[in-house]
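I have placed the structure first, in the form of structure tokens, so that the comments after it can refer back to it.
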Amino acid sequence: MKKIGFREFLHGNHFRGLVSDLSQFHVEEIMGELMSESPDLSVWFFKELKYVYGFRHSRFSALLVSHVLAGQRRFKELQVILEQFLQEEGSGSASLLCELLSKSFREWDSTGVVWDMLLFLSSRYKMVDDSLYILERMKDLNLNVSTQAYNSILYNFRETYKMWDVYKEIDAKNEHTYSTVVDGLCRQQKVEDAVLFLRNSEWKDMVGSIEEALEFAGDMNKHGVEPDTVTYNILAKGFHLLGMISWVWEVIQQMLDKGLRPDVITYTILLCGHCQLGNIDKGLRLLKDMLSRGFELNSVIPCSVMLSGLCKTGRIGEALSLFYEMKANGLRPDLVAYSIVIHGLCRLGEFDMAVWLYDEMCSKRIIPNSRTLGAILLGLCQKGMLLEARAFLDSLVSTGCTLDIILYNIVIDGYAKSGCIEEALDLFKVVIERGITPSVATFNSLIYGYCKTRNIAEARKTLDVITLYGLVPSAVSYTTLMNAYANCGNTHSVDQLRWEMRAKGIQPTSFTYSVIIKGLCIGRKLEKCNQVLRDMISEGAGC
DNA sequence: CTAGGGTTAG
């Protein structure tokens with residue numbers, strides 16, 4: 001092979017026949033020589049082998065070409081090659097890659113770019129452990145980590161408390177960083193934290209005033225950065241999260257002024273706002289407007305938002321009409337759309353219709369998930385149909401489904417609410433036997449069940465059991481128990497629990513305070529109410 | 001990168 005000149009080799013008739021005989025060693029050798037002659041040629045050779053002949057390159061070759069591309073700032077090509085490279089390597093390959101990179105490419109000026117791109121891609125492809133490994137090695141080597149890569153890691157951790165560790169590390173935060181945090185907090189059900197975060201973060205451009213925010217978008221123009229629809233949508237989402245619907249309108253206005261077409265997502269955010277505020281009719285008009293603008297082929301999501309709004313306000317008839325209208329217009333309801341309507345029906349006890357839709361959904365090969373099942377269980381429990389709920393739960397288990405703790409919680413809570421503490425405990429035992437980890441809500445329901453059956457002593461013991469399972473009691477755990485003490489005027493025990501909460505750093509909510517005050521009223525200690533109210537104001541209790 | 005569905009306390 002070495003005897004053949006490279007250009008001759010590449011363009012001659014030998015090529016096709018020889019590819020199957022090429023070893024990775026040969027290719028590396030050829031690439032090395034090509035590199036010294038013309039890096040472009042080596043890249044071409046690499047791609048030709050890979051994409052035309054399906055040759056599987058060695059790690060070294062792939063990284064070599066990556067460095068050439070990075071040096072020439074051909075990022076798009078770099079990304080494509082590294083994407084496929086990572087997919088071939090699979091998860092768990094980080095340590096090997098890092099070793100190779102630091103051993104053989106240390107001296108390349110472009111190596112930082114390759115590291116960073118690998119970091120970004122491994123994170124984007126959910127190779128979480130690999131991305132963390134690469135990140136650590138990059139820190140060891142003092143390599144710069146781009147905000148884009150960090151944002152992707154942040155995104156992977158947005159539903160966990162680790163999100164903050166990542167967040168703190170990011171030097172050059174951008175609006176993608178902030179919107180990921182807000183999204184994460186919302187997914188953690190911490191909407192208030194999200195609002196607080198928006199207020200306190202350096203993302204001041206958004207929360208200062210609408211003028212500032214929009215001016216900021218305008219400034220992007222001056223700096224040669226065109227704010228696009230996505231930028232405006234993020235802005236709109238921020239306003240929606242802050243409950244400032246009218247500002248969402250301002251954003252839309254601004255977009256129109258700039259000659260940008262608000263897209264289906266922009267309008268969906270607005271629709272969410274209307275529904276959240278209970279302006280269902282406004283929402284219906286908006287949706288009609290959207291459909292007439294030809295958005296209907298795009299997505300089921302706006303319709304789902306509307307369905308959810310209608311169901312939450314008990315307008316199930318209209319929800320069903322909309323549902324059929326969707327189908328008639330060729331929009332296929334997906335898992336979420338079905339779940340929303342099934343939930344709406346179950347809430348009202350319309351189980352026949354709910355089951356009918358459930359079967360229809362299954363017949364369309366849409367596999368129900370935990371949320372769909374939860375809607376049905378919840379409906380049954382709320383109508384006091386505990387036998388049916390339990391039978392449904394058991395039937396799911398017997399068909400081999402692994403049910404998550406939330407589904408068990410719904411039924412345990414159903415038992416507790418009906419005062420069937422024995423059954424609740426029995427099901428709790430089943431949870432443990434099946435190796436499912438209980439959540440705080442599980443215990444909170446048990447505490448409620450004990451309190452309901454006037455067994456405060458057991459309720460108190462259950463509070464302590466939470467810790468044995470490695471969980472942290474919540475404000476709900478305490479408030480439920482405090483309520484039981486309050487109802488019998490036992491202000492001393494209420495006080496004790498309040499002290500315990502404070503010691504553990506668990507924030508009372510306005511629920512908690514109302515229970516404390518109720519206790520003081522029943523226990524005839526009205527003179528202490530003022531102090532409690534003052535505490536409440538100074539602590540700024542939520543809810 | 002931006003839009004939709006589930007459990008617990010007064």
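Quick rundown of the values:
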item	result
Close pairs (7 angstrom Cβ cut-off, 6 or more residues apart or separate chains): buried (at least 21 other Cβ atoms within 10 Å of the Cβ) in segment A:232-245, not in a helix (DSSP H, G or I) anywhere	A:Y232/A:L260
Residue ranges of helices (runs of 4 or more DSSP H) in segment A:462-543 with at least 3 members away from DNA strand B (no atom under 13 Å from the Cβ) and not aliphatic (A, V, I, L, M)	A:491-504, A:529-539
Residues satisfying the stated conditions in segment A:48-62, i.e. within 21 Å of A:L101 (Cβ to Cβ) and in a helix (DSSP H, G or I)	A:K50, A:R59, A:F60, A:S61, A:A62
Top-ranked residue in segment A:492-543 [being hydroxyl-bearing (S, T, Y) and closer than 15 Å to A:S477 by Cβ; ranked as modelled with the lowest pLDDT]	A:T509
Restricting segment A:288-303 to residues that are surrounded by fewer than 23 Cβ atoms within 10 Å (Cβ to Cβ) and outside any loop (DSSP other than H, G, I, E, B), the residue that is nearest to DNA strand B (Cβ to nearest atom)	A:I301
Number of the exception - A:D281 against (1) surrounded by fewer than 19 Cβ atoms within 10 Å (Cβ to Cβ); (2) within 14 Å of DNA strand B (Cβ to nearest atom); (3) modelled with pLDDT of 85 or more	(2)
Verdict on A:L270 being crowded, with 19+ Cβ neighbours inside 10 Å and either within 12 Å of DNA strand B (Cβ to nearest atom) or part of a helix (DSSP H, G or I) (or both)	yes
Subset tally (residues that are without any contact (Cβ under 8 Å) to a residue 24 or more places away in the chain and of a type outside the set (A, V, I, L, M, F, W, C)) for segment A:115-153	4
Helices (runs of 4 or more DSSP H) lying entirely in segment A:63-150 (those with 1 or more residues that are farther than 22 Å from A:K50 by Cα and small (G, A, S))	A:94-104, A:111-124, A:128-140
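Let's see how each residue does on (1) more than 10 Å from DNA strand B (Cβ to nearest atom); (2) surrounded by fewer than 18 Cβ atoms within 10 Å (Cβ to Cβ); (3) over 28 Å from A:R434 (Cα atoms); (4) in contact (Cβ under 8 Å) with a residue 40 or more places away in the chain:
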{"residue": "A:N329", "(1), (2), (3), (4)": "yes, yes, yes, no"}
{"residue": "A:D334", "(1), (2), (3), (4)": "no, yes, yes, no"}
{"residue": "A:H343", "(1), (2), (3), (4)": "no, no, no, no"}
{"residue": "A:K364", "(1), (2), (3), (4)": "yes, yes, yes, no"}
{"residue": "A:E388", "(1), (2), (3), (4)": "yes, yes, no, no"}
{"residue": "A:Y415", "(1), (2), (3), (4)": "yes, no, no, no"}
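The values are calculated or read from the model by the stated rules, or taken from the named source; none is laboratory data. Note that the coordinates shown come from a computational prediction; the quantities given were computed from them, not determined experimentally. As a convention, Cβ positions derive from the backbone with ideal geometry for all residues, glycine included, and neighbour counts pool all protein chains shown.
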